[in-house]
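The values are calculated or read from the model by the stated rules, or taken from the named source; none is laboratory data. Everything quoted here is computed from the prediction, not taken from an experiment. Every residue, glycine among them, receives a Cβ derived from its backbone with ideal geometry; neighbour counts consider all protein chains shown. Note: areas computed on protein heavy atoms with side chains; ligands, DNA, RNA excluded. Shrake-Rupley method; radii C 1.70, N 1.55, O 1.52, S 1.80 Å.
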Amino acid sequence: GPELLMQTVEENFDIPVNRYVLVYFDAFAGVVDAVGGVDLDLTNDEVKWVNAYLNEYNLLHGQDIKTGYMDENAGGNLHLNGPQALAYTRNRKIGTDFGRTERQRKVINAVIEALPSALMTNGPEVIDEFCGHLTTNLTKSECYMLALQGWKLKLYERSSGSIPLE
């Protein structure tokens, strides 16, 4: 669980971790929708797999199986809603696990870029989506305070890495 993960990170990397946030699939899709969706470059193959992963999402949510489907020849710069962005990040069929985590980082970065304006125009929904579908050891007030400061994320340089190193 989260406590063991925090302890493992601290013991292995000497990085103290005292807070965690576990984000569920619905929260991920909800946050993307709350910021108005994300714009990403997709190949035709990626579009096909987004549609395939949407099948499961749509079935679980009692929707028509083709809800959110995109034209499979529409690769390029596309605007994705929450379920489509979630399907894009879940793709394990193209490339390696590093490719999948790279897709996740692309979506997260796109959300971070959209967050400041979304907080200005749609703040309550963004905060509700962020805080309402999580498991965390943050208090509710800490969660809301962090969400309100989300605009600051654009100010930080973001980098990513992986373990093990390639």
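Things to note:
- When each of D14, D33, D41 is tested for being closer than 21 Å to L146 by Cβ and either in contact with a His (Cβ under 7 Å, 6 or more places away or on another chain) or of a type in the set (D, E, K, R) (or both), the lone residue that passes is D33.
- Count - residues of region 121-166 that are among the aromatic types (F, W, Y) and either within 24 Å of F13 (Cβ to Cβ) or in contact with an Asp or Glu (Cβ under 6 Å, 6 or more places away or on another chain) (or both): 1
- L148, sole failed condition from (1) closer than 25 Å to G1 by Cβ; (2) in contact with a Leu (Cβ under 8 Å, 6 or more places away or on another chain); (3) open to solvent by 60 Å² or more (accessible area, probe 1.4 Å): (1)
- For region 95-121, filtering for residues that are among the hydrophobic types (A, V, I, L, M, F, W, C) and within 18 Å of F25 (Cβ to Cβ) leaves 4.
- From the options V21, V31, V38, residue that is modelled with pLDDT of 95 or more and surrounded by 13 or more Cβ atoms within 10 Å (Cβ to Cβ): V38
- The number of residues in region 46-71 that are among the acidic types (D, E) and surrounded by 14 or more Cβ atoms within 10 Å (Cβ to Cβ) comes to 1.
- Note on region 89-145: residues that are surrounded by 13 or more Cβ atoms within 10 Å (Cβ to Cβ) and either touching a His at 6+ places or on another chain (Cβ under 7 Å) or of a type in the set (D, E) (or both) total 6.
- In region 122-166, of all residues being of a type in the set (D, E, K, R) and assigned to a loop (DSSP other than H, G, I, E, B), the one that is nearest to D26 (Cα to Cα) corresponds to R158.
- Check on E72, charged (D, E, K, R) and modelled with pLDDT under 90: no
- Filtered residues of region 72-88 (kept if in contact with a Gly (Cβ under 7 Å, 6 or more places away or on another chain) and open to solvent by less than 70 Å² (accessible area, probe 1.4 Å)): L80, N81, G82, P83, Q84
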